[in-house]
Each structure stands twice: as structure tokens, then as C-alpha cells.
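Structure, as C-alpha cells:
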Amino acid sequence: MSAQTSEPARGGKPVLVLRKARQVLDAFTPDRPTLTAGEVQRRTGLPASTSLRLLQTLAREGFLDRVGDGYRPGVALMRWANTAMAGLDLVAIATPVLTALRDATSESAALYVRDGDQHICIAVVETPHAVVHILRVGQVLPLRAGSAGRVFLAHDVQAAREVTPASAPYTPHTLTDATDLQQAVDATRRDGYAVSFEERSLGAASLSAPVFDRSDALAAVVGIVCPIQRFPHDRTPTVAARVVGAAEELSRRLGQARKGEISA
């Protein structure tokens, strides 16, 4: 009997144990890297005995370290995290997300990174429509105009320091007044996305949202771009929900903590 009771659980039980262990590990956040057993129990909602048993097991196996009366992620976890991050390729990780965004909106989906006072398109999944606004991988674009540039200005402090409004407008719709540009940047930070209509190129519309890494720093910007005739203003809420969702999914894949999953 004793041999049978000591066997590993079968069926779905091992998965359940892993799920509970994941809950315990997810309780630790960058702003609260060290937690007591009681804090872990409250954050996970697990029974106190279960929570304590998992903490002790995770500490014994090196997933957690004991620090006084508390626990914190262990050296083994950090080693595995560094190994995983070393193998990340932003374009490879983003491509399925961009493809899903293209399929959901039927518009070209793109990924951008910043380089000084410009941003560069590093990935595009093109629309199936015959009429397109051409965007190429490697294309260099200004931060001063367009939705993607505005997202960089809203979430990258260094970018905001380096950029001033365009002295010569790209189109009649380019924001050239510093106050107008700052108001647009503030709205982008508040809304979680930016939308632009013909600010950089006549006939083009775009909507973009920020992608964050595991340290909550801006890693990239994801967005859609299309001919303005396919983007009436009343389409903005629907497209914004799709683009923001794609940005959040890519942020999750880059290791950003899932907001709202565990409450203190």
C-alpha cells in the first residue's frame, strides 16, 4: 500500500500540480521579487498547506531561494531565463502575431524598431487586397509623423528628447506645431495606441501600438497600414482593439508580465 501511495499521480494530476506551481511562480513580480509564504498564498488563492508545500518543493529544487522569512526566484530560473532570451529572434517571434493581425484586419501588418530619430520597418505581412500602401522591410521612416512614430515618442523617453516637430511638413496633415504634437503624444500614451491619416504619405492611414519586453521597456511598435479609403474614421475602435491585442500578445511572447493576472 505504501509503495502505491508514493507513486506519482496519474492522469491529469501531474498537470494540475504544474499549474499550481506556475501560480506560485507567477506570484513573484519585478516590483515584488521577494514574498513571504503568506503573501504567496494570498496572491495565488491556494490553500495555505498547498502553497507552503509547493514553496518548499520549489526551493528544494532550485526554482526559488529562501531569503530570511521569504522566497524569491532562484538562480536556476534566472539561468534558464537568460538561455531563453539569448535565443529570441524578434522577427521570428513577431511573424505569427503579424500574420494573425493581417488576417483579422485584412490590412498589411508591420513591426518597427527605433534608430535615433527614425524608426525602421523590420517585418511586414502584406494585405491580400490588390490596392495596397507599399511598406518594405528596411524602410526608414521619421518619428515626427505617422502613428508608429508617435507611439515611440509616447513610450520612449530618449526618442522624445531627440525629436522635434517636422519643420517642413511631409503632407498638409503633418503636425508641425510643438503643442499639437505633444497633445497627440499624450493622447497616444493615454489611449494605448496612435492613429494617423495622411500625416506622412497622402492616401495612407495607419494605427500602431506599443510592444514591451520583460522589463516593461518599449521593445518595438506593431501596426497596420492601408489606403485611406479602406479606413473610415468609424473603423478606428475595431482596428485599435485588434492592433492593441496583437501588441499585447507579442509583449507576452517577449516575457512581459501578464497584467491583472494576480492581485496583491
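The values are calculated or read from the model by the stated rules, or taken from the named source; none is laboratory data. Predicted model only: the values in this text are computed from it and were never measured. Neighbour counts are summed over all protein chains in view; Cβ atoms, including those assigned to glycine, are modelled from backbone coordinates with ideal geometry.
Screening the stretch 138-165 for residues that are in contact with a helix residue (DSSP H, G or I) (Cβ under 9 Å, 6 or more places away or on another chain) and aliphatic (A, V, I, L, M) and picking the one that is surrounded by the most Cβ atoms within 10 Å (Cβ to Cβ) gives 151. Would the stretch 173-190 turn up any residue that is under 24 Å from residue 93 (Cα atoms), in contact with a strand residue (DSSP E or B) (Cβ under 9 Å, 6 or more places away or on another chain) and not hydrophobic (A, V, I, L, M, F, W, C)? No, there is no match, as no residue in the stretch 173-190 is under 24 Å from residue 93 (Cα atoms), in contact with a strand residue (DSSP E or B) (Cβ under 9 Å, 6 or more places away or on another chain) and not hydrophobic (A, V, I, L, M, F, W, C).
Which residue is modelled with the lowest pLDDT, if the candidates are limited to the stretch 95-130 and must be assigned to a loop (DSSP other than H, G, I, E, B) and of a type in the set (Asp, Glu)?
Of all residues in the stretch 95-130, those assigned to a loop (DSSP other than H, G, I, E, B) come to 106-107, 116-117, 126-130.
Okay, now just the ones that are also of a type in the set (Asp, Glu), so 107, 117, 126.
Numbers: 107: 94, 117: 80, 126: 90.
For the stretch 95-130, the residue satisfying everything is 117.
Only one entry in 191, 186, 156, 177 is acidic (Asp, Glu) and under 20 Å from residue 231 (Cβ atoms), namely 191. With respect to residue 180, is the statement that it is more than 22 Å from residue 111 (Cα to Cα), modelled with pLDDT of 85 or more and acidic (Asp, Glu) true? Yes: the conditions hold for residue 180.
Residues that are part of a helix (DSSP H, G or I), within 9 Å of the chain's Cα centre (by Cα) and surrounded by 24 or more Cβ atoms within 10 Å (Cβ to Cβ) do not occur anywhere in the stretch 253-260. If I filter the stretch 107-114 for residues that are assigned by TED's automatic domain parsing to the domain that holds residue 184, surrounded by 15 or more Cβ atoms within 10 Å (Cβ to Cβ) and of a type in the set (Asp, Glu), do I get at least one hit? Yes.
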